[in-house]
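This report concerns only the one structure given below.
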Amino acid sequence: REALRRIFFLSYAYRMTGAQQYADRAEKELLATAAFSDWNPSHFLDVAEMTMAVSIGYDWLYDRLSPQSRSIIKEAILKKGLEPSLDPKNNGWLRVEHNWNQVCNAGMCYGAMAIYEDQPELAKQIINRGIDAVTIPMKDYRPDGGYPEGYGYWGYGTSFNVMLISALDKLFGNDFELSAQPGFMKTAGFLENMTGPSGKSFNYSDAGEGGGLEPAMFWFASKLKEPSLLWVERSRLLNDGSNNQVKNRLLPAVLLWSNGIHLNSIAPPKKTMWTGEGKNPVALMRTSWTDPNAIYVAMKGGSVSVNHAHMDVGSFVMDADGVRWAMDFGMQEYESLESKGLQIFGRTQDAQRWTVFRYSNLVHNTITVNGLQQRVTGYAPITGSSSATSFMDAITDLTAVYKGAVAKANRGIAIVDQQYVVVRDEIQALDTPTTIRWTLLTRASVKITGENTAELTKDGKKLFLRAQSPAKITMKTWSTDPPNSYDAPNPGTILVGFELKIPANTSTVSTVELIPEKAINSANKKILPLQNWNDQ
């Protein structure tokens, strides 16, 4: 990654300025990487990124490199990049449905393009292979552009997918219908709506809460002729500082793809709600794109079995008054777990992954039934939604995710009158008494103020939690101190919520209002059953 950052930056700087110092330093970097004994084919992402890095430098600086350097660099691309990808023990990524396929094929195609004149048959083979194989993970964008692996891996898989398409387009004048894959061009809308007014992302699955500049968004905005897709990227450029930007190894692509779009010409999006079906369906709602105090709620359905997934089906995050009130821990660094011998990428019900504290449903903003984990084989679709400003909502059917624990479970989340949030759960028990645990994870200070109320305080702001149910509610807080030595610490966080008991063979409902302080006197709308939410 550092090689890609340095060589891409230096090559771009030379091509734009003609200053020899950039070409000279890039040549040193290229020769240093070419001198490595290998590019680590046992973890082929390393080979892919290194091959892309060296290929960009070789191609963009070709006329400035000495004949000896050209020979050394070309040989490294062939022997340490392309040829290892032909060995079946290294290329399982050709058949997978996730980001490895996108990144590895992009890297290999860049290598093939770089040495095309010298190895035309091999280059054609690898490029054709890449065009064919990358359609497998691109199916995951169907039907609406949602990316199942979440915010963080969108930035990885989609960026390299776009790098591949852009290079094909420039070399052949044709992207071989990759950009026409169903849902792919819609994914820019997904990514833009995944950031709240607080600047934090909806970081479900293995993702960090902080966001960053996404160069691929400039490609989408240019291709679609929709500058408003860059509203969040505009904010990143204006507010995040250059030190953050220069860490981004694909930063020069922003300038290649920006198509002359001026920051001042980027208007906010017109729509305040985005919903998408797919492996991990989401509903992303907000009251404004320009008000930093706007309400933002993002919820998900989906499945625990998706690559990089957590047991977070039904979970949500919430911003109001510039504060992230309902949060998600997101990922724990893999090395911190794998170095202790944990196998963290299993997807079965008994996988070691689910012993990791941050990955379980107990610490997400969803429900837990009888203390049990969510079912890996279940899937929760979004069954209804509305973008009406008076009652913006989405509903997900969680029943299959709690199979064997409840007969039915449905959750609806709404922004009411642009002022506060409602979370309604409708649950039907099986033939045994059932205990439901409702949790909200937060960095706020929490005070339980009554039988069904709590007060959250952060940064001088307040949020009031008010729960209602025909069943008896017991308000609670839970510690986020991790139970295992391999779990990451979670300082400054707490879980707040309640437990309620449902008698056998009966149904109940819980309605939770999350009310910013300025709306406390306005939160009085009668909330109808989920089946009537279209009538709210």
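So, restricting to strands (runs of 3 or more DSSP E) that lie completely within the range 340-420, which ones have at least 3 residues that are out of contact with any Leu (no Cβ under 7 Å at 6 or more places or on another chain) and farther than 23 Å from Asn307 by Cβ?
Result: 382-386, 391-397, 406-416.
Return the residues of the range 352-375 that are open to solvent by 10 Å² or more (accessible area, probe 1.4 Å), in contact with a strand residue (DSSP E or B) (Cβ under 8 Å, 6 or more places away or on another chain) and of a type in the set (A, V, I, L, M, F, W, C); say none if nothing qualifies.
Leu362, the sole residue that qualifies.
Please work out if Thr290 is closer than 15 Å to Leu191 by Cα and hydroxyl-bearing (Ser, Thr, Tyr).
The answer is no for Thr290.
Please go through the range 232-266 and pick out each residue that is over 22 Å from the mean Cα position of the chain (by Cα) and open to solvent by 50 Å² or more (accessible area, probe 1.4 Å).
Of everything in the range 232-266, those that are over 22 Å from the mean Cα position of the chain (by Cα) and open to solvent by 50 Å² or more (accessible area, probe 1.4 Å) turn out to be Leu238, Ser242, Asn243, Leu255, Leu256, Asn259, Gly260, His262, Leu263, Asn264, Ser265.
Can you list residue pairs whose Cβ atoms sit under 7 Å apart, with the first residue in the range 388-417 being under 22 Å from Thr434 (Cα atoms) and the second being open to solvent by 40 Å² or more (accessible area, probe 1.4 Å) and of a type in the set (Ser, Thr, Tyr)? Count only pairs 6 or more apart in sequence or on different chains.
So the pair list comes out as Thr396/Thr383; Asp397/Thr383; Ala400/Tyr379.
Do you know which residues across the range 422-459 are hydroxyl-bearing (Ser, Thr, Tyr) and either closer than 21 Å to Val317 by Cβ or crowded, with 20+ Cβ neighbours inside 10 Å (or both)?
Answer for the range 422-459, where residues must be hydroxyl-bearing (Ser, Thr, Tyr) and either closer than 21 Å to Val317 by Cβ or crowded, with 20+ Cβ neighbours inside 10 Å (or both): Thr434, Thr439, Thr442, Ser445, Thr457.
Which one of the conditions (1) within 17 Å of Leu362 (Cβ to Cβ); (2) open to solvent by 10 Å² or more (accessible area, probe 1.4 Å); (3) touching a Ser or Thr at 6+ places or on another chain (Cβ under 7 Å); (4) of a type in the set (Asp, Glu) does Asp481 fail to meet, given that it meets all the rest?
Tallying (1) within 17 Å of Leu362 (Cβ to Cβ); (2) open to solvent by 10 Å² or more (accessible area, probe 1.4 Å); (3) touching a Ser or Thr at 6+ places or on another chain (Cβ under 7 Å); (4) of a type in the set (Asp, Glu), Asp481 fails exactly one: (3).
Can you tell me which of Ala454, Ala409 is closer than 30 Å to Val356 by Cβ, touching a helix residue (DSSP H, G or I) at 6+ places or on another chain (Cβ under 7 Å) and of a type in the set (A, V, I, L, M, F, W, C)? Steps first, please.
Values: Ala454 fails: touching a helix residue (DSSP H, G or I) at 6+ places or on another chain (Cβ under 7 Å).
Of Ala454, Ala409, the one residue that is closer than 30 Å to Val356 by Cβ, touching a helix residue (DSSP H, G or I) at 6+ places or on another chain (Cβ under 7 Å) and of a type in the set (A, V, I, L, M, F, W, C) is Ala409.
Select from the range 94-150 the residues that are charged (D, E, K, R) and touching a residue at least 24 places away in the same chain (Cβ under 8 Å) and list them in ascending order.
Arg95, Glu97, Asp118, Arg129, Lys139, Asp140, Arg142, Asp144, Glu149
Just checking, how many residues over the range 460-470 are open to solvent by 20 Å² or more (accessible area, probe 1.4 Å) and closer than 30 Å to Thr506 by Cα?
Going through the range 460-470, the residues open to solvent by 20 Å² or more (accessible area, probe 1.4 Å) turn out to be 460-462, 464, 466, 468-470.
After this cut, where a residue has to be closer than 30 Å to Thr506 by Cα as well, the list is 464, 466, 468-470.
Residues in the range 460-470 being open to solvent by 20 Å² or more (accessible area, probe 1.4 Å) and closer than 30 Å to Thr506 by Cα: 5 in total.
Between a first residue in the range 249-261 that is under 16 Å from Pro227 (Cβ atoms) and a second residue that is open to solvent by 40 Å² or more (accessible area, probe 1.4 Å), which pairs have beta carbons less than 8 Å apart while being 6 or more apart in sequence or on different chains?
Here the result reads Leu255/Tyr12; Ile261/Pro227, each pair linking the range 249-261 to a residue that is open to solvent by 40 Å² or more (accessible area, probe 1.4 Å).
Being under 23 Å from the mean Cα position of the chain (by Cα) and within 20 Å of Val509 (Cβ to Cβ) is the filter; apply it to the range 387-401 and report the residue that is most open to solvent (accessible area, probe 1.4 Å).
Initially, the range 387-401 is screened for residues under 23 Å from the mean Cα position of the chain (by Cα), giving 387, 392-398, 401.
Filter once more, keeping what is within 20 Å of Val509 (Cβ to Cβ): 393-398, 401.
Details: Asp393: 2, Ala394: 0, Ile395: 21, Thr396: 0, Asp397: 47, Leu398: 1, Val401: 0 Å².
In this case the residue turns out to be Asp397.
Could you check the range 245-272 and list, in sequence order, the residues that are out of contact with any helix residue (DSSP H, G or I) (no Cβ under 8 Å at 6 or more places or on another chain) and not in a loop (DSSP other than H, G, I, E, B)?
Asn264
State all residues of the range 138-157 that are open to solvent by less than 10 Å² (accessible area, probe 1.4 Å) and over 13 Å from the mean Cα position of the chain (by Cα); if no residue qualifies, say none.
Passing the criteria: only Met138.
For the range 270-284, does any single residue satisfy the condition of being more than 30 Å from Val401 (Cβ to Cβ) and in contact (Cβ under 8 Å) with a residue 24 or more places away in the chain?
The answer is yes; a qualifying residue exists.
Just to be sure I understand the filter: pairs with C-beta atoms under 8 Å, separated by 6 or more residues or on different chains, first member in the range 196-224 and free of Cβ contacts under 8 Å to residues at least 40 places away in the same chain, second member open to solvent by less than 30 Å² (accessible area, probe 1.4 Å) and of a type in the set (D, E, K, R). Which pairs pass?
Matching pairs, first to second residue: Met217/Glu192; Met217/Glu233.
Does Ala53 meet the test of being under 18 Å from Arg249 (Cα atoms) and touching a Pro at 6+ places or on another chain (Cβ under 9 Å)?
no
Taking the range 321-341 as the search range and keeping residues that are out of contact with any Lys or Arg (no Cβ under 8 Å at 6 or more places or on another chain) and among the hydrophobic types (A, V, I, L, M, F, W, C), which one is farthest from Glu513 (Cα to Cα)? Talk me through it step by step, then tell me what you get.
The initial filter retains those residues of the range 321-341 that are out of contact with any Lys or Arg (no Cβ under 8 Å at 6 or more places or on another chain), namely 326, 328, 333-341.
Next cut, among the hydrophobic types (A, V, I, L, M, F, W, C) only: 326, 337.
Values: Ala326: 13, Leu337: 37 Å.
Across the range 321-341, the extreme among qualifying residues is Leu337.
Pairs needed: first member in the range 515-536, in a loop (DSSP other than H, G, I, E, B); second member anywhere, surrounded by 14 or more Cβ atoms within 10 Å (Cβ to Cβ) and of a type in the set (Lys, Arg); C-beta distance under 8 Å; at least 6 residues apart or different chains.
Filtered contacts from the range 515-536: Ala523/Arg466; Ile527/Arg424; Gln536/Lys525.
Quick one: count up the residues across the range 328-376 that are on the phi > 0 side of the Ramachandran plot and either free of Cβ contacts under 8 Å to residues at least 12 places away in the same chain or in contact with a Gly (Cβ under 8 Å, 6 or more places away or on another chain) (or both).
Number of matching residues: 2.
Quick one: Asn174 ticks every box in (1) open to solvent by 20 Å² or more (accessible area, probe 1.4 Å); (2) touching a Phe, Trp or Tyr at 6+ places or on another chain (Cβ under 9 Å); (3) assigned to a loop (DSSP other than H, G, I, E, B) except a single one, so which number is it?
All conditions are met except number (2).
The values are calculated or read from the model by the stated rules, or taken from the named source; none is laboratory data. The structure displayed is predicted, hence computed values, not measured ones. Using ideal geometry, Cβ is built from the backbone for each residue, glycine included, and neighbour counts are taken over all protein chains shown. Only protein heavy atoms, including side chains, enter the accessible area calculation; ligands, DNA and RNA are left aside. Shrake-Rupley method; radii C 1.70, N 1.55, O 1.52, S 1.80 Å.
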